[in-house]
């Protein structure tokens, strides 16, 4: 039984490491891509753009407007908010990174941090799981 458990835990651990590597790879790609982008502030003007339904209710994709040299541009959040959170975004400010050569090419800075948060949570989950099962706490 201990061998089966060890193999299962090894599988889970390797899967988590694979997930972390994919998230970190994506984070590094995006970070390199926006390296020379300028910063500005955008404001959510539409939080009711419903993109789907789930068990939690409607899922919305906020629309953020930002200004560069007196020209307004719009970007859709890549993070889809579910339930009530998706409808409480209007008026909220977001940090926007945009390409100075093509201001329509933009990324929300808040979304870059999401990649790191996911990595941190994977590592935390793995560490806690290892401690709980290795020391036979459960």
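Return yes when residue 43 is surrounded by 14 or more Cβ atoms within 10 Å (Cβ to Cβ), in contact with a strand residue (DSSP E or B) (Cβ under 9 Å, 6 or more places away or on another chain) and either modelled with pLDDT of 75 or more or farther than 30 Å from residue 130 by Cβ (or both) and no when it is not. For residue 43, the condition - surrounded by 14 or more Cβ atoms within 10 Å (Cβ to Cβ), in contact with a strand residue (DSSP E or B) (Cβ under 9 Å, 6 or more places away or on another chain) and either modelled with pLDDT of 75 or more or farther than 30 Å from residue 130 by Cβ (or both) - is met.
Of the set (1) modelled with pLDDT under 70; (2) within 20 Å of the chain's Cα centre (by Cα), all apply to residue 120 but (1). So is residue 49 touching a strand residue (DSSP E or B) at 6+ places or on another chain (Cβ under 6 Å), more than 29 Å from residue 105 (Cβ to Cβ) and either surrounded by fewer than 16 Cβ atoms within 10 Å (Cβ to Cβ) or at pLDDT below 75 (or both) or not? Spelling it out, it is not the case that residue 49 is touching a strand residue (DSSP E or B) at 6+ places or on another chain (Cβ under 6 Å), more than 29 Å from residue 105 (Cβ to Cβ) and either surrounded by fewer than 16 Cβ atoms within 10 Å (Cβ to Cβ) or at pLDDT below 75 (or both).
Consider the stretch 71-88 and keep the residues that are modelled with pLDDT of 70 or more and surrounded by 15 or more Cβ atoms within 10 Å (Cβ to Cβ). The one that is nearest to the chain's Cα centre (by Cα) is 77. Checking residue 101 against (1) touching a strand residue (DSSP E or B) at 6+ places or on another chain (Cβ under 7 Å); (2) at negative phi; (3) modelled with pLDDT of 80 or more, which test does it fail? Looking at each condition in turn, residue 101 falls short on (1).
The values are calculated or read from the model by the stated rules, or taken from the named source; none is laboratory data. What you are looking at is a predicted structure, and each value in this text was computed from that prediction instead of being measured. We place every Cβ from the backbone using ideal geometry, glycine too, and count neighbours over all the protein chains shown.
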